[in-house]
Structure formats: C-alpha cells, structure tokens
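The structure appears below as structure tokens.
Since every read-out is calculated from the coordinates, none of them should be taken as a lab result. Computed from a predicted model, the values in this text were never measured in an experiment. Cβ: placed from backbone, ideal geometry, glycine included. Neighbour counts: every protein chain shown.
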Amino acid sequence: MSTAQATIKGNFEAQEQEFDYWVEDIEGKVPEDLTGTFFRNGPGRLKIGDEEFLNWFDGDGMVGRTTFVDGKVHFANKFIRTPKYVDETAAGKMLYRGFGGAPKGNFFKRFAPPANPANTGLILHNDKFLALNEGGRPYQVDPASLDTVGEYTYDDSLGKANVFSAHGKINPKTGYYYNFGICFDVSLKGLKPGFELYKIDPKGQMVQRQVFELDFIPLLHDFALTENYAVFVQSSVSLHGNLFMTMLKNESMADLMKFDKSLANKIIIIDLHTLQRVDSIEIDPVSCLHFGNAYEKNGEIHFDMMETKDGAYPTPENPTEPMNIFSDDVNFRAGAARYKRFIVNLKSRQVQSEYINDALEGEFPQWDWRRTTTENRYAVATAYTGEGPRTYFGAVQKIDRLTGKVETHDFGSYRFNGEPLMVAKPGSTSEDEFYVMVYVYNGNTNKTEVVLIDSQNFSEPMATIKLDFHMPQGFHGMYTPKVFL
C-alpha cells in the first residue's frame, strides 16, 4: 500500500474518544475579534468491532465544536446518541440496515429502511440545534454540552415516515427556515416519488408544507433559495433497478444510483409564499449534489451549483463498483465537480449556464450565509490541486463570481481538508473581508487541525489549531457568533 493510500485510510479511521479541552498548540495567531462557535458534523466511526460499514453515509454522526473567545480556542466532540449508535455500541456489532446494506445473519433486517445516523448537516434555528440526515427526522443536540436531546418533530409535525434533508436554508431577512424531504405515494398503481417542502417560521413552528410529484426517483440532496422561490433540480442521477430485489440480496442501495441521460432533467421552481409550483423547465442532462447561493435580479433567478463531471456515476449501460473508502484503489477525484452558474428567465423560460473557467475541480460550495437570497460576489469551495496520489481534497479555493478570478490555498502533501466555511470579519464593510474555517487531516502526524485563513492573504494560513488527535473526515458544518462551551 502506498503512503497516499495509507493516508487516505487514516483520513477516515474512527475516533471513539470524546474530548473537551482548551487547545494550547496553535501555530500563528487567532484574531481576538473572532468570537463564536464553529460546528461540524460527520461520521465519527465507519466500523464497529471487525465490521466495516458498507457506505460512507452510514457512519455514526459525531459533532465537533470549535469555540473562539478572546483569542483562545476550545474544542469538544461527541457522538450523537441515535438508537443505531447506542444499540450497536452495546452489542459491539452492526444491528441496523444502512444505505450500504444490512448486517449479516438477519434476513428480515434486509427489508428495513436504512437507520438514521444523524451524520450529515447542522442547523441552529429558533435556539434549536439540530443534527440532520436525509434518511430521517432531525436530532436535537445541546450545543453547550453536545448531549443528545432526542428526535425533533416540530410538535409532531414530522411523523415517523417523514424525512428532513441536511440542506435546509434560512432566509436571513425573514428568519424563515425551509427544508424538504423525499416522500413516496404508495398505491395499487405502484410507487410514486415526490418531495415535501417544509416552511418553518422564526418561532420554530411549521406553518406550511406541500408535496410535489417527481417523474422518477432522482438524487435530490440539496436546493437553492431566493427571496421568493425554492429551486430544485431533477437530475439524471436516479434510482435504477428493483429496490425489493436489492434488499432481498442484501446489496447496497448505492448500487442503484445511475446517471441516465435519457431522463427528463428539470429545474423546478416553487413559490415560497403559496408553496405552489411556478414552473418546471427542461434542461440538458446534469448531475449535482450541492448548490451555492441564489438570488433574483431583473426578472431572473440566478443560482450556482457544483456540477459533477461525466463518469462520476455509473450508467445503466456501464455499471461500476460502488465506492469503498477503505479500498486500496479508492479515487474520490473521479467524483469531482466544477463550479457552474445558472440564470433562469422567469418570463421567457430561457436558461443560461456557464462554468467559472478558472475554478478548480472540487465540491462543498459555501458563501456568507448572511447573503443568502442576496447577490454575492464571493464563494469558497474545496479543491483538488496538481496530479498524482492526492485523491481527496487538498486545498480550498476563493471564487470571485464577478471577475472569474480564483485564488487557492494548498495545504501541502498528505493533508486533506473538508468543507470550508466563510465567516465575515466583525465590523467588516466589504464582502471580501472574511475568515475561512476548515478541518484539515494531517496524514504526516495522523492528527486533525482547524485552519483559519484570511481572505486578504488567502494563500497563507492565519492560524493552525492543532488538535491532539484526529477527527474522521466529515460532511457539513455551520458557524454562529454565539459562544458555546
């Protein structure tokens, strides 16, 4: 096994311990005006006992919390106590079906829905801190102690069959929070797929919800939000094959996801006031996981996405093996995406799109959340740089959407980063005055670092906060100016 392969595996190794301490090992200087809390969610473990979970998305959720106050840094992490985590920890083995399959030896569990590991995203709304996964209802977590409170149902508005995605968005102007979940209408005619859009007011009450039909079962992971519209893309990545037979054979549901250009791709536009579909506009085949910011301008909707390149997903004609992050030949770069802008004219229904040519292959686009639904000039994302053994993100990029200029921060050999967050500098008057916060796994030391980057000196680290241990590579996070300890 090469050094690169060993480092990639270390990037995902479990962290069973939970820590709570003031970090002393800091290279550089943490700005004293930076006051707040950086949270991140992700799989804390991808195996139990000798059994590896069969898919990255099945790992047990763990929240990492980095708190900044008076130039000092405090770190804590804790697993989310879902039934899956609690029961499997006690048993020392897999007990629940996941996206990647069911534990061996129990025939009937093959037909159970995947357990909710609460491992993907986070949101703080109406003082409720929620851990999210699109396979179930959210889990409420105490942001100070990181203790799990339990499933959160919005006063029983979310039933056991409802799911709540990891990519809800808050309109900062109104305080309304919007989220969605995939749903199915089961009848004698078969399984009819759709998604349900949820509208939650600033007081945390679910005030509206509406189901929208889909033509097939697409990979619907994220959406874009403007002041008046929610924008979804029904893409070519969809569920193919027989779900029942997949369960019967105890195969991975991931095997069913295929890129099929013959399917009708649509931009679906929903009015946020009435929760009615405004339009569905067919577009050329596309595949994407994550969206950037969106806004309205001169009768048009502008939204950004990371478009996955051709070949990232198997096709019905050319099936491939699903990705196993512990395999020696894993190559995350095969699923790289490019930053792309879309403009939809609401009157003419014409759609324009273009890549930002200088943007590097990457993923996880982010922007200043205070500008959600408002035109933004800057965005950040993960990036691949160079060629060779680096098969996970090793850099972040700062993208100027106005000029197309791109700056990069390369973390160096055998250092792999997750999603970067943009945090406006306190008292800033320019959009180009922000800090970037990002987790970086250092394969040279087998430890994780929280790196701060100044937008005005993007190629150099401002501060490197060195943890005494490693945190497995995660998914999504959030920042709040509130201090939680």
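Computed values, structure above
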quantity: Virtual spin-label span in nm between residue 405 and residue 157, 7 Å along Cα→Cβ; calculated: 4.4 nm
quantity: Answer label, with Cα extents along the principal axes in Å calculated from the coordinates and candidates (i) 75, 57, 55; (ii) 69, 55, 50; (iii) 63, 60, 48; calculated: (iii)
quantity: Fully extended contour minus Cα-Cα distance, from residue 149 to residue 480, at 0.36 nm per residue; calculated: 117.2 nm
quantity: Label-point separation in nm, residue 35 to residue 264, each point 7 Å along Cα→Cβ; calculated: 5.5 nm
quantity: Helical contribution to [θ] at 222 nm, DSSP H n ≥ 4, -39,500 (n - 2.57), averaged over the chain, rounded to 500; calculated: -1000 deg cm²/dmol
quantity: Cα→Cβ-extended label distance, 7 Å offset, between residue 239 and residue 456, nm; calculated: 5.1 nm
quantity: Centroid-to-centroid separation of segment 209-247 and segment 74-91 [C-alpha atoms, Å]; calculated: 30 Å
quantity: Neighbour-count order for 347, 398, 340, fewest beta carbons within 10 angstrom listed first; calculated: 347, 340, 398
quantity: Length released on extending from residue 106 to residue 341, taking residue separation times 0.36 nm less the Cα-Cα span; calculated: 79.9 nm
